[in-house]
Amino acid sequence: MKTFGLIWPDGTQELRSIVLDDDGNPRMDTLEPNPKPEDWQAPQVLPLIKIEKPKQGAWEPNVVWFADRVERQWVAGTPDPLPTYSPEAWTSLHFSPMQVSALQRFEFALQQANKPLGPNMTALKGWMEGMLVASVDPTPRTFDLPPCSYEQASAEAVAALQS
């Protein structure tokens, strides 16, 4: 059996699995009603081309009819919902407690040395403060990624302290 697209004389379109003969051709007699009325007309039989589903993203099948074939294509579907986290769990995914403490110490050391926070430290400080504010409501939800890594922010702070 193989699936084909059928276009009936009245214009109706249908996908149907049809038994194949020994040469791999569709057996049209399997489509005929029994008993066969005198005015019965065979449908136009079109091959079904199955386009491979993309590996990335959310996709839904879509059948498109052409004059010489039927294609099962893929259209962008509804993406899977993003996982949700508490603010504390989200922060812990990106920074260990020791890294959070070290960033605070770097910030304090820069203030004591009367040196400005660099762009990475400033952005990460804002992100961390946002997570602190979000922790007032621990309801799991989605959050933005940190603006930089611990390694980037701490390297920037060390360089500023050494200058």
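Readers should treat all values here as calculations from the given coordinates under stated rules, not as data from a laboratory. On a predicted model such as this, the values are computed, not experimentally measured, just so you know. Cβ: placed from backbone, ideal geometry, glycine included. Neighbour counts: every protein chain shown.
As a proxy for reagent exposure, M28, M131 were ordered by neighbouring Cβ count within 10 angstrom, fewest first; the result is M28, M131. Here the dipole of the stretch 87-162 is about 160 debye; that uses its Cα centre as origin and unit charges on the Cβ of Lys and Arg (positive) and Asp and Glu (negative).
Quick one: what do you get for the chain if you divide its Cα Rg by 2.2 N^0.38 Å? Please list the in-between numbers first.
Details: Rg = 31.6 Å, N = 163, 2.2 N^0.38 = 15.2 Å.
Normalised Rg, Cα atoms only: 2.08.
Helix 97-112 axis versus longest C-alpha principal axis of the chain: approximately 50°, rounded to the nearest ten.
Quote the Stokes-Einstein diffusion coefficient, in whole µm² s⁻¹, for the stretch 83-163, based on the Kirkwood radius over alpha carbon pairs, a temperature of 37 °C and a viscosity of 0.692 mPa s.
250
Projecting the Cα atoms of T78, M98, I49 onto the charge dipole of the stretch 1-103, computed from C-beta unit charges around the Cα centre, puts M98 farthest toward the positive end.
Calculate, for L82 and V133, the FRET efficiency according to 1/(1 + (r/R0)^6) with r their C-beta to C-beta distance and R0 22 Å; round to the nearest 0.05.
Details: r = 20 Å, r/R0 = 0.93.
Efficiency for this residue pair is about 0.60.
Projecting label points 7 angstrom from Cα along Cα→Cβ for A42 and V64 puts them 2.9 nm apart.
Nearest 10 degrees is fine. How inclined is helix 150-162 to the longest principal axis of the chain, computing both from alpha carbons? Once rounded, one gets 30 degrees. For the chain, the longest principal axis of the C-alpha atoms and the axis of helix 119-134 are separated by about 80°. Computed from Cα atoms alone, the Kirkwood hydrodynamic radius reported for the stretch 1-62 is 13.7 Å. Each Lys and Arg Cβ is given +1 and each Asp and Glu Cβ -1; about its Cα centre, the stretch 2-76 then shows a dipole of about 500 debye.
As a test of the formula, what do you get for the chain when each DSSP H run with n ≥ 4 contributes -39,500 (n - 2.57) and the sum is divided by the residue count, at 222 nm and rounded to the nearest 500 deg cm²/dmol? Display every interim value, and only then the final one.
Numbers: 4 runs with 53 residues, N = 163.
Dividing the helical sum by the residues of the chain leaves -10500 deg cm²/dmol.
Taking label positions 7 Å along the Cα-Cβ direction at both V75 and E151, the computed distance is 4.4 nm, reported to one decimal.
Work out, step by step, the length gained on full extension between R105 and I18: first 0.36 nm times the residue separation, then minus their alpha carbon distance; give nm to one decimal. Please list the in-between numbers first.
Values: separation 87, 0.36 × 87 = 31.32 nm, distance 7.28 nm.
Length difference between fully extended and current span is 24.0 nm.
Here the 3J(HN,Hα) profile of the stretch 139-148, calculated from phi with Karplus coefficients 6.51, -1.76 and 1.60 at θ = phi - 60°, is 4, x, 7, 9, 9, 6, 5, x, x, 7 Hz, Gly and Pro shown as x. Residues whose amide H falls under 5 Å from that of W59, counting only those 5 or more places apart or on a different chain, are G77, with hydrogens built in the peptide plane. Assuming charge only on the beta carbon of Lys and Arg (+1) and of Asp and Glu (-1), the dipole of the chain about its Cα centre is about 800 debye to the nearest 20. Of interest is the spacing of the C-alpha centroids, which for the stretch 80-100 and the stretch 115-163 amounts to 13 Å.
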